[in-house]
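To keep things clear, I will list the structure first and then write my remarks on it.
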Amino acid sequence: MASPTAENNNSRLRQNPEPPPPSKGRRQTHQACDRCRERKVRCDSAAAAATVTSQCSPCRRCSVLQLPCTFLLPVKARGPVNSLYNRQMTSPTSICTDKQGNRSNAANDTLGHASFIHKYPTDSLCDRSLFLTILEDYLELLYPSIPVVHRPSFHRDVSKCRDLSDNDFLGLTISICAVLIATMPRKFQEYQLSQTPLTFQTRTDMVHRCREMITSLQEPDHYDVISLNKWAIPYLLSVAYFQIGQYNRARMLEVEAVQLARLLELHNPLSHIGLSCIETQLRKKAFWLTFYTFVHSKLVRKERLAFIDETSLQTTTLHKLLPVEVDDEMILADCILPQPQASLSLATAFNLHSLTFWAAITSTRPPGNIGENASAASILSMSPALRITYWTRRLEELRYVLDGVAPQLRPWKMASVGESNLEQPLESTGEGLKSVQLESLRADLHVTHLWLQSIIIEEIAALKKSLSVVLDPDQLRTLWNERQDICHRMLHVLHGISISRLEPNGNHLTHKIRDVAVTLLGSPFESTNPITKRANEYLQEFIHILSCLDDSDSMSTVNMQTWIVVES
């Protein structure tokens, strides 16, 4: 039996109405659908929109883009003021099931005044139609790199209004809104100009409001029963606060997510016994998302706080924690269907990203001697000479960890002929949408790969300096050639992918780019030296790219502050 594809499911958060019986004569548009109204384009739908139960066939735009063609937005009143009440009573609304199983609609709840009663818990955040649009945008833009849900199950739960009866699911959807708003400034601006606009002036205001709503949902017994959704909420909020530049808040929430991950035993493959295939896949992805923060804390911040201790890291078979390389639509509760051969799964790119972080901190090879399997969690206790040897091994393995990747994920894959990298449209459907998602993952994969190499190169240089090793001119030139090679390869990747494809990676990407670029500052050579000239040229290119990508609400000070005791 054929399974639905990922591309056909990405926008099915709301049910499409049944098509009407065929009519004769010319079609006359009485009301534009929600999508066309938000985008202010002509709609060819034949909806009469006279009653809540009006039925119509999808308009041409929604059919082509495979979007739900709905009429949920209230119609603005025209004519005399006295007609406002009648217009509200007849405005089409979504029908949903409440906690008691009673079906209702907004028209039945309307009082004799000019506003609707809030019927959804998210109405204080934004209009329901816009809320669903934000969730759709998450699935299309951020889900590939932050896969905290199972897409078919998430579609079903949203369409059944699970947020009305499940506070954990409600908190999950609100945190998804927070991370989408924080990561995508362009989308926030679009929502402010929509038919039912956001009332928040800044992304920071909306993220704060999301956090307040989630906090108000937590009962005194919130942590008595731990679930994956309870892990996902603080994790997503920590990402959201990082994106808007509030790093201390982000790290406090990150600590909460790490503790919940430990309670869930995400690092233990035996904890998956008895779970459904869907839950197992989600927990594997959750482990690696948390593992990324662990590697960052050890390599960059050098903090004592850790997701995995040294013993667990050495005894855990990380290969068993890699997700199955199929799309969500192939994963059912009791079985996993094979991925179509012609389609590269998003999980494949996710696993490559995980292997890159893994190789940066410990060997991905089978267990051997302690020198081969030592990790950054214990390396700080070694002598500087042994640490140089360790990091040299990590760098050597990391350089080749992405060899043999699929053609869609190679670093030299270029945009199609005739496409401008700065002007490519972001919206797409079908296989085009999958291609856009893979492009975004490809950018993050190779930028992360080069960023980790840069960190290790600088760590080795710093260790040599601590040993009072003075580099001769040839060694100094070799170091700068390594730095410029990393920058050259990163610029090659960035210029081969449009800005719109880079944007979903948010400030995680811009910070990595900036960390690599700053290694070219302070050239020890003369200004006329070719190395210095090339460094200045590369810096100008990085400045241009960062000016297009970095749209933060505040200045980045992530590398200028810390309140956590670091290893000595």
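The values are calculated or read from the model by the stated rules, or taken from the named source; none is laboratory data. Here the structure is a predicted model, which is why all the values come from computation and not from measurement. All Cβ positions, glycine included, derive from the backbone under ideal geometry; neighbour counts span all protein chains shown. These accessible areas exclude ligands, DNA and RNA; they are computed on the full protein's heavy atoms, side chains included. Shrake-Rupley method; radii C 1.70, N 1.55, O 1.52, S 1.80 Å.
Brief remarks follow.
- Residues satisfying the stated conditions in region 148-160, i.e. assigned to a loop (DSSP other than H, G, I, E, B) and in contact with an Asp or Glu (Cβ under 8 Å, 6 or more places away or on another chain): HIS150
- Verdict on GLY112 being on the phi > 0 side of the Ramachandran plot and either at pLDDT below 65 or assigned to a loop (DSSP other than H, G, I, E, B) (or both): no
Yes/no matrix, rows are residues, columns are (1) open to solvent by less than 10 Å² (accessible area, probe 1.4 Å); (2) part of a helix (DSSP H, G or I); (3) among the hydroxyl-bearing types (Ser, Thr, Tyr); (4) farther than 19 Å from LYS230 by Cβ:
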residue: LEU270; (1), (2), (3), (4): no, yes, no, yes
residue: THR280; (1), (2), (3), (4): no, yes, yes, no
residue: LYS284; (1), (2), (3), (4): no, yes, no, no
residue: PHE287; (1), (2), (3), (4): yes, yes, no, no
residue: THR290; (1), (2), (3), (4): yes, yes, yes, no
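- Remark: pairs (first residue in region 177-189, at positive phi; second residue at pLDDT 95 or above and buried (at least 19 other Cβ atoms within 10 Å of the Cβ); Cβ separation under 9 Å; 6+ apart in sequence or on different chains) are absent.
- Residues considered: SER153, SER175. Of these, the only one that is at pLDDT 95 or above, open to solvent by 10 Å² or more (accessible area, probe 1.4 Å) and among the polar types (S, T, N, Q) is SER153.
- Some residue of region 427-440 being at pLDDT below 90, surrounded by 13 or more Cβ atoms within 10 Å (Cβ to Cβ), outside any helix (DSSP H, G or I) and not charged (D, E, K, R): yes
- Considering residues of region 201-217 that are in contact with a Gly (Cβ under 9 Å, 6 or more places away or on another chain) and among the aliphatic types (A, V, I, L, M) only, the residue surrounded by the fewest Cβ atoms within 10 Å (Cβ to Cβ): LEU217
- Any hit, region 218-230, residues being within 21 Å of HIS508 (Cβ to Cβ), within 18 Å of the chain's Cα centre (by Cα) and open to solvent by less than 30 Å² (accessible area, probe 1.4 Å): no
- No other residue among LEU260, LEU198, LEU253, LEU266 is open to solvent by less than 20 Å² (accessible area, probe 1.4 Å), farther than 26 Å from LEU72 by Cα, outside any helix (DSSP H, G or I) and in contact with a Phe, Trp or Tyr (Cβ under 8 Å, 6 or more places away or on another chain) apart from LEU266.
- Filtering region 389-403 to residues that are open to solvent by 30 Å² or more (accessible area, probe 1.4 Å) and either within 14 Å of ILE460 (Cα to Cα) or modelled with pLDDT under 90 (or both) leaves THR389, THR392, ARG393, GLU396.
- Taken over region 224-245, the criterion of being outside any helix (DSSP H, G or I) and touching a residue at least 60 places away in the same chain (Cβ under 8 Å) is satisfied by ILE244, GLY245.
- Pairing residues of region 249-268 that are of a type in the set (S, T, N, Q) with residues that are outside any helix (DSSP H, G or I), at Cβ distances under 8 Å and at least 6 apart in sequence or on separate chains, gives ASN268/THR316.
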